[in-house]
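Written out below as structure tokens is the structure these notes cover.
All of the numbers you see were taken from the coordinates with simple rules; none came from a lab. Computed from a predicted model, the values in this text were never measured in an experiment. With ideal geometry, Cβ positions are generated from the backbone for all residues, glycine too; neighbour counts draw on all protein chains shown.
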Amino acid sequence: MQLTIKNRINLDDQTELIKQVYTVEVTEKNHQLYLIYTNEENEKVIIKCSKNEMLMTRYSLPKSTMRFHRDSPALVTIPTPLGLQQLVTVTQKFYTDFEKQMIAIDYQLRQLETEALFAEYQLELSWQ
């Protein structure tokens, strides 16, 4: 099965479009969908998704986690050249359709302390 990740990133009035395709293992357990794949850096990535929340964990050194919640901001931890950064995702759109094999999330990434906007994203996942 193939996972296609499309990400439109808006950062400082510049837009970047990214498309990635990976071989994926798909499992459903306890009303949660699990997408498991290995990225281009040979890191295991697990996406765990329900109707209200998605957690993306990249098993890098150090581990990176992204959390998206349908109704409330969510804390994320991302390794950067400055060390581990804690940021917040603010989700505007959270759409899942497991039968059609797709997830779409529009979100903002904001600074934790100041709530300053870091970037805006339109993320789409589909698998077949």
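A Stokes-Einstein calculation at 10 °C with viscosity 1.306 mPa s, built on the Kirkwood radius of region 2-127 over Cα pairs, returns a diffusion coefficient of 105 µm²/s.
The chymotrypsin sites (Phe, Trp or Tyr not before Pro) of region 1-88 that meet both conditions, a loop assignment by DSSP and at most 16 other Cβ atoms within 10 Å of the site Cβ, are Tyr59.
Modelled label positions at Thr114 and Lys63, each set 7 Å beyond Cα in the direction of Cβ, lie 3.0 nm from each other. Taking 0.36 nm per residue of separation and subtracting the Cα-Cα distance, full extension of the segment from Asp13 to Gln128 would add 38.1 nm. Within a straight-line Cα-Cα reach of under 19 Å, Lys51 can be paired with the following lysines, leaving aside sequence neighbours fewer than 8 residues apart in one chain: Lys29, Lys93, Lys100.
For region 65-121, the list of trypsin sites (Lys or Arg not before Pro) that fall in a loop by DSSP and count at most 15 other C-beta atoms within 10 angstrom reads Lys100.
Scanning the chain for GluC sites (Glu not before Pro) that sit in a DSSP loop and have at most 16 other Cβ atoms within 10 Å, the longest stretch containing none of them is 44-98. Considering only Ser64, Tyr95, Tyr34, and ranking their Cα positions along the charge dipole of the chain that arises from unit charges at the beta-carbon of Lys, Arg, Asp and Glu, the one farthest toward the positive end is Tyr34.
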